Amino acid sequence: MQATRSIRLPRKLSACRLIHNHSILRSSDPSGRTTSFGFRTVPEESKESLVKGVFDSVASKYDLMNDASSLGVHRLWKDSFVDTLKPGRKGPLRCIDVAGGTGDIALRILDHARENYADRETTVEIVDINAQMLKEGFTRFKKTMYHNTPQVSFHEANAQELPASQFKNDSYDLYTITFGIRNCTSIPAVLSEAYRVLKPGATFACLEFSKVNNPLLSTLYDQYSFTVIPLLGTILAGDRDSYQYLVESIRKFPSQPEFAQMIRDAGFSTGGDFDGGAWTDLWGGIASIHTGVKI
């Protein structure tokens, strides 16, 4: 069951729509099902709160840590991601950006549509399960021309159970999720919800860390990930454990062909199982862009 309710906002937030949708948490899982939390195996019902704890901890330093841990490369990947989608090229879009709390993808979508196609009608609904991340995104948008306009809104909701009364069937032209789906308890549930809310012919697009195929690059990347990134978490954010989890979660994510099959299993049409088909590798597979079309 999914429950939703509106929460009275502090005065300083009332200029932008920040809507809170809360799940009724299950107290136990009689099936005893488990899932991964980094390299740990945990009960399925525990993962959501564990991930929430991670992002509560890192929210205020999230962009700084991404810059430090990737030497700014994540910005180039996000630019490529949005450039590939070309929002606004065929007219205004209604977009939903899931796990998009900090707002950087939404801002890129709106800027791309405006700067390239003079489109000021495209809208983005930013959805995240974590209120702290949404606050970071709200603050970012207060510095832009899109603040307090119909082009952007913020919603607290679970990607696995988007409230159907608010996120209706066949409603969106573009669904994006960036570096977020691997943190969800059930990837198939997220993909099923993405399929539900998209219009027929609309696009699902995911940018996520992936599998490096070159053995030498893979070894170097592992050494960097497991030594440098947690150390930077300690130095810059005072939080080694959260960044250790983020590194481990990348290693637990399915390979490119496996994830492509999951997208097809949800009902989407994709290209073939190769780089340049169902997915596009970035930097040798450190990250990949996956797309699918609702049929």
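The values are calculated or read from the model by the stated rules, or taken from the named source; none is laboratory data. Just so we're clear, the structure is a prediction, and the values are computed from it rather than from any experiment. In this analysis, Cβ positions are derived from the backbone assuming ideal geometry, glycine residues included, and neighbour counts consider all displayed protein chains. Note: areas computed on protein heavy atoms with side chains; ligands, DNA, RNA excluded. Shrake-Rupley method; radii C 1.70, N 1.55, O 1.52, S 1.80 Å.
Give me the 1.4 Å probe accessible area per residue for the chain, excluding ligands and nucleic acids, in Å². List each step's numbers first, then the result.
Details: 13540 Å² over 295 residues.
For the chain, the solvent-accessible area averages 46 Å² per residue.
What is the magnitude of the charge dipole of the chain about its Cα centre, with +1 placed on the Cβ of each Lys and Arg, -1 on the Cβ of each Asp and Glu, and no other charges, expressed in debye to the nearest 20? The partial results should precede the final answer.
Numbers: 34 positive and 33 negative charges, 174 e Å.
The calculated dipole for the chain is roughly 840 debye.
Please identify which residues in the stretch 164-183 have an amide N closer than 12 Å to a label point set 7 Å out from the Cα of residue 252, following the Cα→Cβ vector.
Taking a point 7 Å out along Cα→Cβ of residue 252, the residues of the stretch 164-183 whose backbone N falls under 12 Å are 182-183.
Quick one: of the DSSP bridges fully inside the chain, what percent are antiparallel, nearest 5?
Numbers: 19 of 43 bridges.
About 45 percent, rounded to the nearest 5.
Greater than 26 Å separation of Cα atoms is the criterion. Which listed pairs, 61/168; 78/252; 86/168; 135/294; 135/211; 61/142, meet it?
Details: 61/168 33 Å; 78/252 22 Å; 86/168 24 Å; 135/294 31 Å; 135/211 32 Å; 61/142 18 Å.
Result: 61/168; 135/294; 135/211 exceed 26 Å.
Please check which bits of the stretch 144-158 a label hung off residue 199 would reach, taking the label as a point 7 Å along Cα-to-C-beta and the cut-off as backbone N under 19 Å.
Of the residues in the stretch 144-158, 150-153 have backbone N under 19 Å from the label point off residue 199.
Hey, in the GNM for the chain with a 10 angstrom Cα cutoff, which one of 187, 129, 235 fluctuates hardest?
235
With the chain treated as a Gaussian network of Cα nodes joined by springs under 10 Å, which of 104, 275, 265 yields the largest mean-square fluctuation?
Among 104, 275, 265, the largest mean-square fluctuation in the Gaussian network model of the chain belongs to 265.
Please say if the stretch 99-228 is rounded, prolate or oblate, where rounded means a/c under 1.5 for a ≥ b ≥ c the square roots of the C-alpha gyration tensor eigenvalues, and otherwise the choice is prolate for a/b larger than b/c and oblate otherwise? List each step's numbers first, then the result.
Numbers: a/c = 1.74, a/b = 1.40, b/c = 1.24.
Because a/c hits 1.5 or more and a/b exceeds b/c, the stretch 99-228 counts as prolate.
Give the carbon-plus-sulfur fraction of the accessible surface of the chain in %, rounded to a whole number; probe 1.4 Å, heavy atoms of protein chains only.
On the way: 7290 of 13540 Å².
Exposed carbon and sulfur together represent 54 percent of the surface.
Hey, rough spin-label estimate for residue 241 and residue 168, points 7 angstrom out along Cα→Cβ, what's it come to in nanometres?
About 4.4 nm, to one decimal.
Could you give the length gained by full extension between residue 273 and residue 220, i.e. 0.36 nm per residue of separation minus their alpha carbon distance, to one decimal place? Each step should come with its number before you reach the end.
On the way: separation 53, 0.36 × 53 = 19.08 nm, distance 2.58 nm.
Contour length minus the Cα-Cα distance gives 16.5 nm.
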